[in-house]
Amino acid sequence: MIRNQRSENLARLAQENWDILIIGGGINGAGVARDLAMRAAHIPGGLRIALVEKRYFSSGTSGRNSQLIHGGLRYLKYGDFGLVHEALRERATLLHIAPGLVKPLEFLIPCYGRYDRLFYGTGLTLYDALAGSHGIASHHTIGSEAASRLEPNMASEGLRGGVLFHDAAVHSARLVLENILDAEARGVCPANYVEIHQSPHGLHARDLLTGSEFGVRTRTIIDASGSWSQAAPLRLVRGSHLIYPRIQKSSQAIAHFDEAGRIIFLIPWGENDDLTLVGTTDVDHQTGADQVAISASETDYLKSIVRRLYPSFREEPITSYSSLRPLIVQSGRSATSTSREHKIWKSSDNVLHIAGGKYTTYRSMSEEAADTLMTDLAPGRNIPGETATTPLNLPEIPPTQEARVRMAVEREHARSLPDVIYTSTYWGHERRLDRQWLHPIALQMADLLGWDQAKITVEMQNLGV
């Protein structure tokens, strides 16, 4: 068995008096934890910071998105120029501080309408201008023959050419984990599978793995719980994706605009880029935040896009995933057109709330939240954030499955099979679940974590194998 770092962190959580308790282990909670940990080094005595997540870190929205760091080309249509400019600036920052996780990716927009190249080219001219010195490469248009050479299996009837532009790809769950682990190395105490609730006697925490409960003492709370936050009216919009065997022949991603003007991406994916990630949808979510799954209509819609673009492609999806985007409510806007602007505010009970926003702009949002807190935590001191210029210390990913599982459990606090195969790695999204490859992982985790046979059986049954 390994050293139980989680148990040690839970003991600290119960025993120490905290300056800041961050609730939420997605990208916003992870980002603000790292930012505050770096500033704490400049405060005499530092800051005592804890972070709790009721599931595994990055197991919700932050790990199940379109795996892109992008400016948001479609937001130009709604006049969100400030948001696009900020996102493009942050794209450049993340390419600098996390080059092992955030990488440039070229996109092809296939053009079938007479004026499509002019229309999309004009939009991308503005996109390039908003990027300014932060741009990756300027867009350019190509003719039908060049587009067909790039993608020989793409529907050729009516194809008039295409437009090529750049954004960036990311392993979104790993970026969350690396922010949390960087913060932990700087003194933050992270604990997963911990639920916080308020009682007349103060804050109480419940360990969801053991059922034990204990009190927590903190000066300040940061609510970064995303879709689970009750602090403001949120519009929960579901985004779903299908994962296919590799569809496109070229190294480019495909950006397709449907009849309603919605953009759907076909993104090279998987450890060897041998898969294609297709998404995303924008559907108002009516059930609870804990019950998120792709619907039949979403599946049919995404399949229809694939058939339209690649009529000879006959493969079925391998799997799918869905997540929720917690958007600030805006009357009169559809799920697609609702702005991705964020909101940060303090409530009367000394809680700082972070709501809305884009994954791409998490770092600047976290910096803004930390700026707000520092006026109270370090009055009279000007301690700016350092995350824009301080690279994440990214580890080498082990080449073998056994070493990778050990890394997930020992370093990344993984405590269940889904933690390993859906978040620390994306193995569960990249292949069909099968006892043959899952059972050895379960046996290794049992050895590392002290599981008995009953626990192994439950873990396998929870995955339906």
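The values are calculated or read from the model by the stated rules, or taken from the named source; none is laboratory data. None of the values given here were measured: they were computed from a predicted structure. Quick reminder, even Gly has a Cβ in these numbers, built from the backbone with ideal geometry, and neighbours come from all protein chains shown.
In summary, R6 fulfils each of the numbered conditions (1) more than 17 Å from A224 (Cα to Cα); (2) at pLDDT 95 or above with the single exception of condition (2).
The residues listed here are R91, R174; of these, the one that is among the basic types (K, R), in a helix (DSSP H, G or I), touching a strand residue (DSSP E or B) at 6+ places or on another chain (Cβ under 7 Å) and crowded, with 17+ Cβ neighbours inside 10 Å is R91.
Can you confirm whether the stretch 295-307 contains a residue that is acidic (D, E), within 23 Å of A260 (Cα to Cα) and loosely packed, with under 14 Cβ neighbours inside 10 Å? Yes, there is a match, as at least one residue in the stretch 295-307 is acidic (D, E), within 23 Å of A260 (Cα to Cα) and loosely packed, with under 14 Cβ neighbours inside 10 Å.
Let me confirm something: among S240, S227, S251, which residue is over 21 Å from D35 (Cβ atoms), in contact with a helix residue (DSSP H, G or I) (Cβ under 6 Å, 6 or more places away or on another chain), in contact (Cβ under 8 Å) with a residue 12 or more places away in the chain and of a type in the set (S, T, Y)? Explain how you work it out, then say what you get.
Values: S227 fails: in contact with a helix residue (DSSP H, G or I) (Cβ under 6 Å, 6 or more places away or on another chain); S251 fails: in contact with a helix residue (DSSP H, G or I) (Cβ under 6 Å, 6 or more places away or on another chain).
Within the list S240, S227, S251, the selection yields S240.
If you go through the stretch 283-292 one residue at a time, do you hit one that is assigned to a helix (DSSP H, G or I), surrounded by 11 or more Cβ atoms within 10 Å (Cβ to Cβ) and of a type in the set (D, E, K, R)? No, the stretch 283-292 contains no residue that is assigned to a helix (DSSP H, G or I), surrounded by 11 or more Cβ atoms within 10 Å (Cβ to Cβ) and of a type in the set (D, E, K, R).
Taking the stretch 449-465 as the range and being closer than 20 Å to N4 by Cβ, within 28 Å of the chain's Cα centre (by Cα) and surrounded by fewer than 16 Cβ atoms within 10 Å (Cβ to Cβ) as the test, only V458 passes. Which condition breaks for H85 when tested against (1) assigned to a helix (DSSP H, G or I); (2) crowded, with 21+ Cβ neighbours inside 10 Å? It is condition (2) that H85 fails. Residue count for the stretch 110-126 under the criterion of being more than 22 Å from L88 (Cα to Cα) and either touching a residue at least 40 places away in the same chain (Cβ under 8 Å) or not in a helix (DSSP H, G or I) (or both): the result is 8. Annotation: of all residues in the stretch 156-170 being in contact with a Lys or Arg (Cβ under 8 Å, 6 or more places away or on another chain) and under 18 Å from Y115 (Cα atoms), the one that is surrounded by the most Cβ atoms within 10 Å (Cβ to Cβ) is G162.
Taking the stretch 59-82, which residues are of a type in the set (G, A, S) and either surrounded by fewer than 20 Cβ atoms within 10 Å (Cβ to Cβ) or out of contact with any Lys or Arg (no Cβ under 8 Å at 6 or more places or on another chain) (or both)? Scanning the stretch 59-82 gives S59, G60, S62, G63, S66, G79, G82. Among the residues of the stretch 415-436, those identified as in contact (Cβ under 8 Å) with a residue 12 or more places away in the chain and assigned to a helix (DSSP H, G or I) are L417, P418, D419, V420, I421, Y422, T423, S424, G428, H429, E430, R435. Say whether the condition of being in a loop (DSSP other than H, G, I, E, B), of a type in the set (A, V, I, L, M), over 16 Å from T280 (Cβ atoms) and at pLDDT 95 or above is met by at least one residue in the stretch 48-62. No.
When you scan the stretch 132-147, do you find a residue that is of a type in the set (A, V, I, L, M, F, W, C), free of Cβ contacts under 8 Å to residues at least 24 places away in the same chain and over 27 Å from R307 (Cα atoms), even just one? Looking for residues that are of a type in the set (A, V, I, L, M, F, W, C), free of Cβ contacts under 8 Å to residues at least 24 places away in the same chain and over 27 Å from R307 (Cα atoms), one finds none in the stretch 132-147, hence no.
May I ask you to verify whether L36 is of a type outside the set (K, R), more than 15 Å from the chain's Cα centre (by Cα) and buried (at least 22 other Cβ atoms within 10 Å of the Cβ)? Judged against the criteria, L36 is a match.
Yes or no: the stretch 360-380 includes at least one residue that is part of a loop (DSSP other than H, G, I, E, B) and surrounded by 21 or more Cβ atoms within 10 Å (Cβ to Cβ).
Step one: filter the stretch 360-380 for residues part of a loop (DSSP other than H, G, I, E, B), giving 378-380.
Going one step further and asking which of them are surrounded by 21 or more Cβ atoms within 10 Å (Cβ to Cβ), we end up with none.
No, every residue in the stretch 360-380 fails to be part of a loop (DSSP other than H, G, I, E, B) and surrounded by 21 or more Cβ atoms within 10 Å (Cβ to Cβ).
Of all residues in the stretch 1-30, those satisfying the criterion of being touching a strand residue (DSSP E or B) at 6+ places or on another chain (Cβ under 6 Å) and either assigned to a loop (DSSP other than H, G, I, E, B) or among the charged types (D, E, K, R) (or both) are R12, D19, G25. Just one of the numbered conditions (1) farther than 22 Å from S227 by Cβ; (2) assigned to a helix (DSSP H, G or I); (3) of a type in the set (A, V, I, L, M); (4) in contact with a helix residue (DSSP H, G or I) (Cβ under 9 Å, 6 or more places away or on another chain) is not true of A33; which one? Failed condition: (1).
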